[in-house]
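Here the structure comes first, spelled out in structure tokens, and everything after it is commentary.
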Amino acid sequence: MDPFIARQHMVDTQIKARGINNPRILKAFLEVPRHLFVDEHLKYRAYDDNPLTIGYGQTISQPYIVALMTEALDPKPEHKILELGSGSGYQAAILSRLCRDVYSIERITGLASKARNVLDELSYFNVHITVGDGTRGYEKESPYDGIIVTAGAPYVPEKLIEQLKVGGRLVIPVGDRDIQDLKLITKKEKGTFEKSMGGCRFVKLIGKQGWEE
Ligand code: SAM
């Protein structure tokens, strides 16, 4: 199938059909060629309604989950966003269409360089990838308007709350190794407000304020 038609079908049947209607977000999903973010032998499945392996025991998330987390983050054109877990680079690519800058941290060097190559090929130069442990945040560019964590955490790393602006949003799956609760946390003048968005299943967030390897 022609990739654009596959994307249109993905947006209609997986994203819009499940209640995500924000026109800017839908436009980003139509625009970003998801098939470039998966390995050659999986390209024919790139627009399927499920996650796919990207090597190193990691995954590119299901399109609907990427859309749901993006909607929860509520990115605006002037925003600076931090992502933990660049993986394939797809979530960062979607965000790059919706905000000013995306700082994305990935612990696996091989994935970070693969993601960088695809993003360069697409000229998505407002995505800045760094190799390291994202559970420490990325202080250099803080504070952020929003932070998105695309791996399952045992608890909310305190550095992430510290590096968020007041009014900023943190989207993070928190739970045990098998199943997590997707949380939307908003930073207030004093403390935070937390909302549960339902169950999800992510690979582990490994690091100082995450799971042990
Ligand atoms: N956002 C990715 C995408 O669009 O393809 C999917 C991310 S995948 C589900 C989770 C990623 O988090 C993996 O690539 C994994 O190596 C990375 N990861 C796990 N712990 C991390 C940490 N402490 N810091 C940075 N990356 C981490």
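Values in this text are rule-based calculations from the coordinates and carry no lab data. Predicted, not measured: the structure shown is a model, and the values here were computed from it. FYI the Cβ positions are ideal-geometry reconstructions off the backbone, even for glycines, and counts take in every protein chain you see.
Over 22 Å, how big is the tail of the calculated P(r) for the stretch 83-155, in percent of all Cα pairs? Within the stretch 83-155, distances greater than 22 Å cover 14 percent of Cα pairs. Annotation for the stretch 82-178: trypsin sites (Lys or Arg not before Pro) lying in DSSP loop with at most 12 further Cβ atoms inside 10 Å of their Cβ are Arg177. For Val156, the amide hydrogen comes within under 5 Å of no other amide hydrogen, counting only partners 5 or more places away or on other chains and with H modelled in the peptide plane.
Contact order for the chain, expressed relative to its length and based on alpha carbon pairs under 8 Å spaced 6+ residues apart, stands at 14 percent. In the chain, the DSSP-assigned H stretches of four residues or longer account for a calculated mean residue ellipticity at 222 nm of -7000 deg cm²/dmol, using -39500 (n - 2.57) per stretch and the full residue count as denominator.
Loop-located chymotrypsin sites (Phe, Trp or Tyr not before Pro) across the stretch 138-181 with a Cβ neighbour count of 14 or fewer within 10 Å are Tyr155, with loop assigned by DSSP.
With θ taken as phi - 60° and the Karplus curve 6.51 cos²θ - 1.76 cosθ + 1.60 applied, the whole-hertz 3J(HN,Hα) list for the stretch 181-193 is 9, 7, 10, 10, 10, 10, 7, 10, 3, 10, x, 9, 10 Hz, x standing for glycine and proline. Against the chain, whose longest principal axis is taken from its Cα atoms, helix 63-73 shows a tilt of about 40°. Modelled this way, with points 7 Å down the Cα-to-C-beta line, the labels at Met197 and Asp120 are 3.1 nm from one another.
Check which residues have an amide H placed less than 5 Å from Tyr144's amide H, if you skip close sequence neighbours. Residues meeting the criterion, in which the H sits 1.01 Å from N, are Leu164, Lys165. In this entry, the chain is assigned a mean projected area of 10.7 nm², taken as a quarter of its C-alpha convex hull surface.
Shown for the stretch 1-101 is the translational diffusion coefficient from the Stokes-Einstein equation, using the Kirkwood radius over Cα pairs, a temperature of 10 °C and a viscosity of 1.306 mPa s: 116 µm²/s. Of all the options His79, His41, His128, the one that moves most in a Gaussian network model of the chain with Cα springs shorter than 10 angstrom is His41. Projecting the Cα atoms of Leu36, Asn117, Pro143 onto the charge dipole of the chain, computed from C-beta unit charges around the Cα centre, puts Pro143 farthest toward the positive end. At a Förster distance of 35 Å, what's the computed FRET efficiency of Arg136 paired with Asp39, Cβ-Cβ distance as r, to 0.05? Efficiency at R0 = 35 Å is approximately 0.75. Any idea how far the Cα center of the stretch 141-164 sits from the one of the stretch 1-61, in Å? First find each Cα centre; the distance between them is then 25 Å. Shown in residue order for the stretch 208-213 are the 3J(HN,Hα) couplings computed by the Karplus curve 6.51 cos²θ - 1.76 cosθ + 1.60 at θ = phi - 60°: 4, 10, x, 7, 6, 4 Hz (x for Gly and Pro).
When you filter the chymotrypsin sites (Phe, Trp or Tyr not before Pro) in the stretch 17-121 for DSSP loop state and at most 15 other Cβ atoms inside 10 Å of their Cβ, you are left with Tyr56.
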